[in-house]
Structure formats: C-alpha cells, structure tokens
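Colleague: Would you mind keeping the following structure in view while I ask a few things?
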C-alpha cells in the first residue's frame, strides 16, 4: 500500500462517519420494497450490509450522500477487505437539473436491476478518476495504473447533462486498469456532447492506464487516451480514438479498421469465435429477484439486447443458496449437492476446503467482488467436467500456506496431468454450453502473503474464459518493501510458478490478463486453443539472472508458452512487457515461445520495455529486442509464422 494513500484515508475517516452511517441505513428500507424478503426465510439483510439497493423514489441527494460515503471509504482502500454492491431498481435517477454523480472505488460493483439496460437510466456520470499516489504537489503522480477491481453494468448512462464545469464537463471518465469490467452499458450523449473516456485527462499527470474490458455495450465516442491494451467485445461504438500499444475489438460494430497495423496498432475481428455474457441479477415486474444466465454463442457480433431480452434462461433467486462471509464451506457444498446454485454476497470468505461444483448448469455468481481466500492450503474452487457451469464475479486469493492451485476446472475419471501425458477423454460443456468463467480474478500476494503452484488450471475441454486477471502482486501490504531497488525478499515470499495452465482442448479466452509469475506466466498444453487479447508483464522482482534462467540454460521464461507438441493454436492481439526492477541487466530470450508449425498462429503480437531489463525477441527468435534503447516503444510482429 502506498503510504500517502493510508494517510489520506485516515484523515478522511472522521469526516465521513456520518455519510457512511447513512449509506449503511439504505439496504433495510429499500430492499424491503423489492420482494426479496422470505427467499431464505430471513430478513431483507440476506444480501448483507454491503449491498445497497436504491429506489427511483429516493431523493437524489440521499443517493448521492450514500454513494459518496462508500467512495470515500474505497477510493484508496486498494488492499482492504470491504466489498460493496450498489444496485439500482428499474426507473430513472437524476435529472439535467440535478444529475447523479457516482464515483467508483476499489472492490465496488455498480449495476442496474433491470432485465434490460434501458430499464435503469441514470442522468449524470459514473466515473473512476486517476489516483494521485504522492503528496508532493510538484509531482503528484496521478495515474490509473492501479485502479483495479471495479464493475459497471446493466444500465443506461445519460451523460448529456453532466452538471460539471471546466475539463470535467468534457467526458465521463472511466480511468481503470486490470480487473475492471464494463458490461451491458448503454451510453447516451448528443452530437458533439461528452464522450466516454478510458483515461482521466483532467487530473495532473502522467495519467497512465493499463488494460481493461468492455462487453455487450453501446457507445458513441470513446476516448481511449493512454490505455495500453484494451479488449472491446460484442459491442457498438461510434468512434474510437488512439490505439497506443494495441486495442483489440472482437465482434464490435463500428470498430476501427486494422489493415495498417502496426500504424496504428488496432486489431479487429469481425466476429467473436465463442462468447457468453455474464449472468446478471434483475428484478421482474412482480418485484422478484431473478438471475438471467445468457446462452453461449459462436461467431457473434454486436450487443445481445438490441432486439429484446438477452437470449438465455432465467433462474429465480429461490434456486440459489445465498451465502455470506463466515458460512462454512461444508454447508455451501451441501447446498450445491442438493441442486442449489450459489450467490456469494459481498465480503471475504476464508475457504479451508474446496468449493465443489459438480452439477451441470450450476451458476456461481459473486456480488461486489466477493473474495474467496485459500486457508490451510486449500484449492478454493474445483469445477467438475460437466456442461454449462458458469462462475462469475469472484476474486480468488492465495493464502500464506501454499496450495496446489487456486481454481481447477475439470476433474473426473481419466484425467492425467496435461496434454500428451496420458489423460483420458474430457467432457467439458462443448461449444454449445461450455463451462464459462466471467470476471474471475486471481491474486497471489497483495493484501497478505500468498503462495500457490498455479493460479488457474484448466483440465476440461471446451471451456470459455471471458475476462480474467491473474496476478502475482508487484505491490501490496505484506511481503513488500517500497524502495528504489524494489523488493528482493518478495521473490521468496509471494510464490507461484505459473498463472494459467491449460491442459484441455478447444479452450477459448477473450481477455486474458496474466502478470508477474515466476516461470511461464501462461502455459498452453491443449489443442485448438483460441485467445483474443493477451496482456502480460513479466515479474519485476527476480533478484538475479540466475533466478530467472531455465534449467536448460534458456534465459528467462516467456510470458506465453505453447507446448512443443501442440499442433493447432490461435493467439490474436497480445503483449508481453518487461521491467526488471531489481536487476535491470536481466535478459529474457523471448516474449512468446511456441512451436513453429503452420497450425500455430500468432497475429498482432508485441513486446515492450517499461524501463529495465531486456526481451531479446518477440516470438522465438523473431523480432528485435525490447531493451532500454526503446523504452515505451513496442516491438511488433504482425504474423507468426509469416504467411
């Protein structure tokens, strides 16, 4: 945690006590009007005190005070334990004369409770600003590089009447980086009126941002600004400014043309190969809570709600076990075994044995970035080889006692340890109903010491990963020392060899962000893998070159590795970054390591040097070095192998 952030939070605490009290008072009265009471035979607090449900009849000033109080708590609480879900019942909020201005901090979800984004309309703004990490007025270091863990979804945002003056009137700012998703958002603005900006250009610099995700949304003008890599999937855009290092579009109406790559470095796919939108909570016409589970689709383009309700199935809240922090895993597993789905209300759950998802079609949905923390070396989530399972909106943390993995997808008879090593048939869900992970995030270190072998291991076939950030932390609270030379102890404290290991066949990932692991960040052993947008930073903290050298003498581990015996693989729009903070002389042989054969295709990939270290080649022995002679200047390979 940055020391200046801690000081600011302490100074604000006393002043904000009254607003926080108001915010905590909202759920009891507003939730009662929705018909939630009785679903678990308990009070309307079943969704927990960290869920605020707003009603359009509430005064704008009352809603504003509540959300301001939450933001004041969360704006600097990067590694804290608070989790929030701010939900809006169908109706209109704010007016041109009195717009509603929401700012979104860490571990906060803002979502509409309509069946369609048009059912909830907010006139005003929903924003994330740069975070200024220094108290030095001459160098405030205002950036969005650490604006993680926040969600905006399922509503219409009318930004034409913003009610702000000066620079802030020019756009709705969503200045975020990894683990921040925008889904089912409809942005309304008149011709020449404010845009939706992915950077905050109104705060002092340097205003950097790195990575993010949009799906199933509609915009007019999008100002990309400083975002280094970004995936926009199955959406509609009027215009998009600036490609930076690589902006990737899949199934997006209005996406920029990419024929001139890398000048500018856009990557555009006409359609998304496999997609499934994230499940969402909504309230029906009779005031009953439901969960909509969208269908999986292939070869898609544009939004799912243009002509009515998103195709899929509706599951009543009565078919979910509504869990809260402190519930025993044994009880959760018992409810899953009895046929219940699982709704995780906001909070941090200590998981001392695996949550077992074994029934086809089971939905595990987290609210407000609900977090599962490994305890006693447990693997927090294990999913069997059954079709249609969806896990969404969950963060999974490593614990101090090392676990073999944080999540395993695919267990059952016939499994070995990976492709070409004697495993038997794997079922998965098939492309018609794949096991799907949406907005599932992983952390090793950060809020506390973390240790695991691999964060995410996929052994099943036909799995879809739709946006994940898999992070071995480069900064945090415990096990980290701030300083010019970085932290030489972190390498032995927060440990994990690999971020993602894929052993299943026909696995698709749309939005795969993996960073800082101690060997290959991603290892792909299965056949017919497809990845659209890959973003990676190699670890900052190897103490010496010897610590970052493979047993066979190869210098370093690539950020993305496809096994030598894989015959078919596709990777589109990818980057590997290097910043060897502890020892700038460290060398990595290649950013991407793949077998050289016609069936293994890489399209629009690059490496880039952030300030220290060297990557000698982009792919295998192809591409120039990303070294300190070209800091911040990507080295591109358009296609590998060359057509």
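The values are calculated or read from the model by the stated rules, or taken from the named source; none is laboratory data. These numbers were taken from a predicted model, which means no experiment stands behind them. Positions of Cβ are backbone-derived with ideal geometry, glycine not excepted, and every protein chain shown enters the neighbour counts.
Colleague: Please work out if residue 573 is crowded, with 24+ Cβ neighbours inside 10 Å, out of contact with any helix residue (DSSP H, G or I) (no Cβ under 7 Å at 6 or more places or on another chain) and touching a residue at least 60 places away in the same chain (Cβ under 8 Å).
Modeller: Working: crowded, with 24+ Cβ neighbours inside 10 Å: yes; out of contact with any helix residue (DSSP H, G or I) (no Cβ under 7 Å at 6 or more places or on another chain): yes; touching a residue at least 60 places away in the same chain (Cβ under 8 Å): yes.
Taking the combined requirement at face value, the residue satisfies it.
Colleague: What number goes with the only condition from (1) surrounded by fewer than 23 Cβ atoms within 10 Å (Cβ to Cβ); (2) outside the structural domain of residue 474 (by TED's automatic domain parsing); (3) in contact (Cβ under 8 Å) with a residue 40 or more places away in the chain; (4) assigned to a loop (DSSP other than H, G, I, E, B) that residue 527 does not pass?
Modeller: Going through the list (1) surrounded by fewer than 23 Cβ atoms within 10 Å (Cβ to Cβ); (2) outside the structural domain of residue 474 (by TED's automatic domain parsing); (3) in contact (Cβ under 8 Å) with a residue 40 or more places away in the chain; (4) assigned to a loop (DSSP other than H, G, I, E, B), residue 527 breaks only (2).
Colleague: Here's something else I'd like to know. With (1) more than 20 Å from the chain's Cα centre (by Cα); (2) part of a loop (DSSP other than H, G, I, E, B) as the list, and residue 211 as the residue in question, which single condition is left unmet?
Modeller: (1)
Colleague: Taking region 317-359, which residues are surrounded by fewer than 16 Cβ atoms within 10 Å (Cβ to Cβ) and in contact (Cβ under 8 Å) with a residue 40 or more places away in the chain?
Modeller: 318
Colleague: Still on this model: Could you tell me how many of the residues in region 613-634 are in contact (Cβ under 8 Å) with a residue 60 or more places away in the chain and at positive phi?
Modeller: Residues meeting the conditions: 1.
Colleague: Follow-up question, since we're still on this one. Would you mind listing the strands (runs of 3 or more DSSP E) fully within region 40-145 where at least 3 residues are surrounded by fewer than 20 Cβ atoms within 10 Å (Cβ to Cβ), at pLDDT 95 or above and in contact with a strand residue (DSSP E or B) (Cβ under 8 Å, 6 or more places away or on another chain)?
Modeller: Counting at least 3 such residues, we get no strands (runs of 3 or more DSSP E) at all.
Colleague: On to the next question. Being assigned to a loop (DSSP other than H, G, I, E, B), touching a residue at least 24 places away in the same chain (Cβ under 8 Å) and in contact with a helix residue (DSSP H, G or I) (Cβ under 9 Å, 6 or more places away or on another chain), is that true of even one residue in region 549-562?
Modeller: Checking region 549-562: at least one residue is assigned to a loop (DSSP other than H, G, I, E, B), touching a residue at least 24 places away in the same chain (Cβ under 8 Å) and in contact with a helix residue (DSSP H, G or I) (Cβ under 9 Å, 6 or more places away or on another chain).
Colleague: Taking region 627-643 on its own, how many of its residues are part of a strand (DSSP E or B) and either within 19 Å of residue 261 (Cα to Cα) or modelled with pLDDT under 95 (or both)?
Modeller: At the first step, the residues of region 627-643 found to be part of a strand (DSSP E or B) are 631, 635-640.
Now drop any that are not either within 19 Å of residue 261 (Cα to Cα) or modelled with pLDDT under 95 (or both), which leaves 635-640.
Qualifying residue count for the region: 6.
Colleague: Still on this structure, I have one more. Please verify whether region 555-567 includes one or more residues that are surrounded by 24 or more Cβ atoms within 10 Å (Cβ to Cβ) and more than 30 Å from residue 462 (Cβ to Cβ).
Modeller: Looking through region 555-567, at least one residue is surrounded by 24 or more Cβ atoms within 10 Å (Cβ to Cβ) and more than 30 Å from residue 462 (Cβ to Cβ).
Colleague: Further question: Which condition does residue 193 not pass, out of (1) closer than 15 Å to residue 123 by Cα; (2) crowded, with 24+ Cβ neighbours inside 10 Å, if it passes all the others?
Modeller: (2)
Colleague: When residues of region 244-302 are filtered for being touching a residue at least 24 places away in the same chain (Cβ under 8 Å), closer than 16 Å to residue 214 by Cβ and in a loop (DSSP other than H, G, I, E, B), how many remain?
Modeller: Number of matching residues: 6.
Colleague: Suppose the filter is more than 21 Å from residue 67 (Cα to Cα), at pLDDT below 95 and either outside the structural domain of residue 80 (by TED's automatic domain parsing) or buried (at least 22 other Cβ atoms within 10 Å of the Cβ) (or both); does residue 228 pass it?
Modeller: yes
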